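Below is one structure, written out as structure tokens; comments come after it.
The values are calculated or read from the model by the stated rules, or taken from the named source; none is laboratory data. Because the structure is predicted, anything quoted here is derived from the model rather than measured. Here the Cβ positions follow ideal geometry from the backbone for every residue, glycine too, while neighbour counts run over all protein chains shown.
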Amino acid sequence: MSFDLIVRNATLPDGRTGIDIACRGGKIAALESGINAEAGTIVDADGQLVTPPFVDCHFHMDATLSLGQPRLNESGTLLEGIALWGELKPLLTHEAVIERALAYCDLAVSRGLLAIRTHVDICDDRLLAVEALIDVREKVRPYIDLQLVAFPQDGYYRSPGAADNLKRALDLGVDIVGGIPHFERTMADGAASVAALCEIAADRGLMVDMHCDETDDPMSRHIETLTAETRRLGLAGRVAGSHLTSMHSMDNYYVSKLLPLMAEAGIAAIANPLINIAIQGRHDHYPKRRGMTRVPELLKHGVPVAYGHDCIMDPWYSLGQADMLEVAFMALHVTHMTSRDEMRFAFQAVTETPAKVMNLEGYGLEPGRRADMVLLQAYDPIEAIRLKPARLKVIKAGKVIAETPPQVTALSLDGRPGTVNGRDYQPKATG
């Protein structure tokens, strides 16, 4: 029997070792030890970690790589970022949005990031960014699963024309309904926008991914409304609340009521550690709030939590490199989730969990699923987060689409080894 590709001697995220992964016709045909067969391509994993691709379920591709256009965000705040984006929107061209988005997708592939959910602003009456990212979605379809969220950046009610533009964007083929209720002019308008947007999603059979309460204001409680609307409209399993940063400032008693309701409604939470901790707490002196939602408490109540990158080199965030392991690394620090099991959760929060949030079909390392995987220069998920290592091979549909040489440094030190890499410092007993 012959296969298109076999990855030999892999370690899987669940701890299985010495596994061969045989691929044929773009799918995983067999996954077991000692597959005795030939293949057009053989990849020797050498006992290193093979994982399903990384997944980013919260991003803004229409703005990515636009840093400095037309100016920089000097305050570092969310509101200045929104204002700056408003200055940039009239200057956008279809070609420039496509060029930046494709450049980002190239970077994503090099990092093993093969599925992205991006919010796209629909408050420009031209729908220029919408049409550009629909074009990008088609161009990258062979190697990236790209979902588009119709996002009224300036407010569904606050921005004239946003309601009509959102429906136009959905008619053009945008996949998901988004919103930003905390940016409406009043709390009442915010709650009304949640209800209206969820009704649109229910009528069209679409998913919902709503920016909720990306603020330090403990009274911003639109996640409560999103939870209620999810229940009322039967949207369980189709709704995500993104950011949820006001939860870090909320009264503990209120949160003790909120979390079980979220779990009961079947809502997922998407935290964005890099941008959340950079933007939130800007009005605090000391002590300063961290700005992350309550990840441990959400998990304890059975709410799925995924991590997103959100922004890279744009009006809101001037750093980033499409590396979801960097996102996981920051998350485990800021959430104080540093036990072995909690660090393994952080790896799942940038792989399996966001794949479920996005309802990705055929995701995962099992026979019959898509032959999409990443070989890392690491031996387990915890080491991968620690090192943020080279993506030695990125495989899509059973074909290698990106390769990076192993990261090894030559040393010239008397009496010391001739080379060093981060794996040399892995403790023998990992617990």
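Kindly indicate which of Thr118, Thr93 is β-branched (Val, Ile, Thr) and within 17 Å of Asp209 (Cα to Cα).
Numbers: Thr93 fails: within 17 Å of Asp209 (Cα to Cα).
Among Thr118, Thr93, only Thr118 is β-branched (Val, Ile, Thr) and within 17 Å of Asp209 (Cα to Cα).
Does the stretch 32-54 hold any residues that are among the aliphatic types (A, V, I, L, M) and surrounded by 21 or more Cβ atoms within 10 Å (Cβ to Cβ), and which are they? Step through it out loud before you land on a result.
From the stretch 32-54, those among the aliphatic types (A, V, I, L, M) are 35, 37, 39, 42-43, 45, 49-50; that's our starting set.
Correct list: Val43, Ala45, Leu49, Val50.
Would you call Leu113 surrounded by 22 or more Cβ atoms within 10 Å (Cβ to Cβ) and of a type in the set (A, V, I, L, M)?
Details: surrounded by 22 or more Cβ atoms within 10 Å (Cβ to Cβ): yes; of a type in the set (A, V, I, L, M): yes.
For Leu113, the condition - surrounded by 22 or more Cβ atoms within 10 Å (Cβ to Cβ) and of a type in the set (A, V, I, L, M) - is met.
Any residue that is outside any loop (DSSP other than H, G, I, E, B), over 30 Å from Leu387 (Cβ atoms), acidic (Asp, Glu) and at pLDDT below 95 - is there at least one of those in the stretch 54-75?
Step one: list which residues in the stretch 54-75 are outside any loop (DSSP other than H, G, I, E, B), which gives 54-59.
Add one more test, that the residue is over 30 Å from Leu387 (Cβ atoms), and what stays is none.
The answer is no, given that none of the residues of the stretch 54-75 is outside any loop (DSSP other than H, G, I, E, B), over 30 Å from Leu387 (Cβ atoms), acidic (Asp, Glu) and at pLDDT below 95.
Of all residues being in contact with a Ser or Thr (Cβ under 7 Å, 6 or more places away or on another chain) and of a type in the set (Ser, Thr, Tyr) in the stretch 163-221, which is surrounded by the fewest Cβ atoms within 10 Å (Cβ to Cβ)? Just the residue, please.
Thr215
I'm trying to understand the selection: among the residues of the stretch 76-117, which are outside any strand (DSSP E or B), of a type in the set (Gly, Ala, Ser) and touching a residue at least 60 places away in the same chain (Cβ under 8 Å)? Full working, then the answer.
Our first condition is that a residue be outside any strand (DSSP E or B); within the stretch 76-117, this holds for 76-112.
This time we only want the ones that are of a type in the set (Gly, Ala, Ser), so: 76, 81, 83, 86, 96, 101, 103, 108, 110, 112.
Result: Gly76, Gly81, Gly86, Ala108, Ser110, Gly112.
Please work out if Ala163 is farther than 30 Å from Ser249 by Cα, of a type in the set (A, V, I, L, M, F, W, C) and in a helix (DSSP H, G or I).
Working: farther than 30 Å from Ser249 by Cα: yes; of a type in the set (A, V, I, L, M, F, W, C): yes; in a helix (DSSP H, G or I): yes.
It is true that Ala163 is farther than 30 Å from Ser249 by Cα, of a type in the set (A, V, I, L, M, F, W, C) and in a helix (DSSP H, G or I).
Going residue by residue through the stretch 372-388, is there one that turns out to be over 25 Å from Val305 (Cα atoms) and either surrounded by 15 or more Cβ atoms within 10 Å (Cβ to Cβ) or assigned by TED's automatic domain parsing to the domain that holds Asp46 (or both)?
Residues of the stretch 372-388 over 25 Å from Val305 (Cα atoms): 377.
Remaining after also requiring either surrounded by 15 or more Cβ atoms within 10 Å (Cβ to Cβ) or assigned by TED's automatic domain parsing to the domain that holds Asp46 (or both): 377.
Among the residues of the stretch 372-388, at least one is over 25 Å from Val305 (Cα atoms) and either surrounded by 15 or more Cβ atoms within 10 Å (Cβ to Cβ) or assigned by TED's automatic domain parsing to the domain that holds Asp46 (or both), which makes the answer yes.
Being over 27 Å from the mean Cα position of the chain (by Cα), assigned to a loop (DSSP other than H, G, I, E, B) and over 9 Å from Ala371 (Cα atoms) is the filter here; which residues of the stretch 12-43 pass it?
Thr17, Gly18, Ser33, Gly34, Ile35, Asn36, Ala37 - these are the residues of the stretch 12-43 that are over 27 Å from the mean Cα position of the chain (by Cα), assigned to a loop (DSSP other than H, G, I, E, B) and over 9 Å from Ala371 (Cα atoms).
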